[in-house]
Amino acid sequence: MRPTARGARQQDNLASYFEEQEGQLALADGSRIGVIGGGPAGSFFAYFLFRMAESAGLHISVDIYEPRLFDRCGPAGCNHCGGVVSESLVQLLATEGINLPPTVVQRGIESYVLHTDVGQVQIETPLQEMRIAAVYRGNGPKQSEPVAIAGFDRHLLDLSATVGAKIVRKLVTGFDWNHGMPQIRTADGDMATYELLAVATGVNSQILEQLNSPAMDYQSPGTLRAFICEFHLGQATIRQWLGNSMHVFLLDIPRLEFAALIPKGDYATLCLLGEDVDEQLIESFLASDEVKACFPDTLVPTPACHCFPRINVRAAVRPFADRIVWVGDSGVNRLFKDGIGSAYRTAKAAARTAVFHGISKADFEKGFWPECRALIRDNRIARLIFGVTTLIQNLRFLRRGVLRMIAREQRDAGKNRLMSSVLWDVFTGSAPYKEILLRTFHPVFPLRLTWNLLAANLLRTERKGMKEGAR
Amino acid sequence: MNSGSLGKTYADGAIIVRQGDSGDCMFAIQKGQIEVVRRGKDGDVRVAVLEEGEIFGEMAIFEREARSATVRALGEVRVLTVDKKTFLRRVQEDPSLAFNLVRMMSRRIRRLSGEIAELQPGGVARSQDTLALTDAERRIERRNRTDRRVTKDRRSGGNRRRDAERRGAVAASPSPA
């Protein structure tokens, strides 16, 4: 860095100051940045862009386009998601100075309960501390309790507004280029041109298709249909039947990848992920004894509201171009887990690149893409891990062994909790999948699993045989 | 505790961190206040009071040394633990994660420097805002304490002499042979 050897322009052009290149695309004092979408990815992007620009002495303006009012109940204010902020993200946000108040957190989760047809087991958080946040993305289901709560998305949007972002309550309906700069058109016909555009629309937005142009090499992500619904149970019932635990189901139901029941304020959110979830899959799931046992009198109530959002299961191709970057779900996401954490990671990487490197395609490839690539690589390992999880779902003798191993680990406080920590991180999405896989290479892991498989199946058969003999 | 509260709740006076213990985490205050107390030769000295939004125990993340002070709850307090592993794993992928911590530590050092500069001879060398005393600052503080003790001894010696003079004891006493 040699600021004295530079011209006057470079003094207010931070990226070229760092990169030592003349005439590159970079943010400068007075640059205008547009963000399409005010969900977590858009808000995180604006927040970190401002924070980093401020620390670098750069004065910029950011417009976030978000037509939805997140303080409205029901689908009108909701971003259609299970609403879990992972253990690692809660900690990282606290380190960043972003704390989630009780008005935003509907329930602090301190354990997981794993339900299978051969029994259930509770996996406690390592520190017995509430470090997973169950949140509403909007302001709760239809006719819910909108009194003293704030949705997670609104909280983050307010946060980005406090650091200087302007919230524009308009729907973006069109995109074009204006003298090499991205230009957007809103539903009321207004046009706005920006030096940089961040697309944070998620995968359920129409505008994403318009950005699928050959000129930019961008191809939108591969998606899968999920099912999310809310059951009204009331605080007392939730406390008694679900507690502060997230309930995960490993059931042998075709096409079901993952199912979880997440307790919140007066409601519990059911989240089903799998191969194009349909009515038949939902009915099979809700009819299972393990699910019914989670509700009073084994009666599953009628959902207060439900939706079939699409989720990102295959990364977008080249989620960056000159002056444009795709963050959150519309770009790259972690498979099945920690979508909000992925939004945080990609949005921050994009903001960091824009401030400290530049806003050209090459800059994003150098500064932003490595973060996406790390997620994509980790997702490859995730497919392997979820393949094994599916195997456990399908094979009863495996379920018995895994359940026995967890139960023993949870019972003995001093024991190294190998299976518990693996499943904890698979369910919570707290650790990278690579790290989870490496944990299974611990020499004791296969030995202990083999012993538990034998003990859970052979000893059980022996006992069963003895009982039958006695009869 | 509210069902939406994150972290762990400590009652008034409960010890969250004990001086001398080993540590592998830092803490973010979610609600309430804590006091940081350092045990010295002259007893316990409160070195800081921290509140909601602040982070403490961060020295254990960066150094492999025992906790430098005891942290107690001032009233009911809710604190979130941040694992060293989670932080270090992420900070090597995203070094800017440390910005907030560096900014916070920088603020504490700035306040401390201001307090040291404002110390008057005979004033009380005590920081209200900081956990982090550098070696140089510790040396300055020790020197100031020594200076104050000498000044105090001199003053108390002078006072005793003046009192004795007032009583006429010095004038009346015979000089030693």
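The values are calculated or read from the model by the stated rules, or taken from the named source; none is laboratory data. It should be emphasised that the depicted structure is a prediction, and the values quoted were computed from it without experimental measurement. Glycine also receives a Cβ, built like all others from the backbone with ideal geometry; neighbour counts cover every protein chain displayed.
Details
- The set of residues in region A:375-408 that are without any contact (Cβ under 8 Å) to a residue 12 or more places away in the chain and either buried (at least 20 other Cβ atoms within 10 Å of the Cβ) or within 27 Å of the chain's Cα centre (by Cα) (or both) comprises A:ARG380, A:GLY387, A:VAL388, A:LEU391.
- Across region B:67-87, the qualifying residues are those that are away from every other protein chain (no Cβ under 11 Å) and of a type outside the set (Gly, Ala, Ser), and the one among them that is nearest to A:TYR47 (Cα to Cα) is B:VAL77.
- When region B:22-33 is filtered for residues that are within 12 Å of another protein chain (Cβ to nearest Cβ) and surrounded by fewer than 16 Cβ atoms within 10 Å (Cβ to Cβ), only B:ASP24 remains.
- Residues that are farther than 21 Å from A:THR353 by Cβ number at least 2 in the following strands (runs of 3 or more DSSP E) confined to region A:277-333: A:305-307, A:310-314.
- The residues of region A:175-186 that are touching a residue at least 40 places away in the same chain (Cβ under 8 Å) and either over 29 Å from the mean Cα position of the chain (by Cα) or assigned to a loop (DSSP other than H, G, I, E, B) (or both), listed by number, are A:GLY180, A:MET181.
- Flag for B:GLN19 being under 17 Å from A:GLY97 (Cα atoms) and away from chain A (no Cβ under 14 Å): no
- When we screen A:ALA53, A:ALA94, A:ALA46, A:ALA134 for residues that are outside any loop (DSSP other than H, G, I, E, B), without any contact (Cβ under 8 Å) to a residue 60 or more places away in the chain, surrounded by 19 or more Cβ atoms within 10 Å (Cβ to Cβ) and of a type outside the set (Val, Ile, Thr), the only hit is A:ALA94.
- Hits in region A:223-256 (condition: over 23 Å from A:GLN128 (Cβ atoms), more than 16 Å from the chain's Cα centre (by Cα) and away from every other protein chain (no Cβ under 14 Å)): A:CYS229, A:GLU230, A:PHE231, A:HIS232, A:PHE249, A:LEU250, A:LEU251, A:ASP252, A:ILE253, A:PRO254, A:ARG255, A:LEU256
- Screening A:TYR112 with (1) crowded, with 17+ Cβ neighbours inside 10 Å; (2) within 14 Å of chain B (Cβ to nearest Cβ); (3) at pLDDT 90 or above gives one miss only, at (2).
- Among the residues making up region A:373-414, a single one is of a type in the set (Asp, Glu) and outside any helix (DSSP H, G or I): A:ASP412.
- Hits in region A:334-367 - residues which are under 30 Å from A:ILE132 (Cβ atoms) and not in a helix (DSSP H, G or I): A:ARG334, A:LEU335, A:PHE336, A:LYS337, A:ASP338
- Screening A:PHE427 on (1) away from chain B (no Cβ under 14 Å); (2) at pLDDT 90 or above; (3) under 19 Å from A:PHE258 (Cα atoms) shows it passes everything except condition (2).
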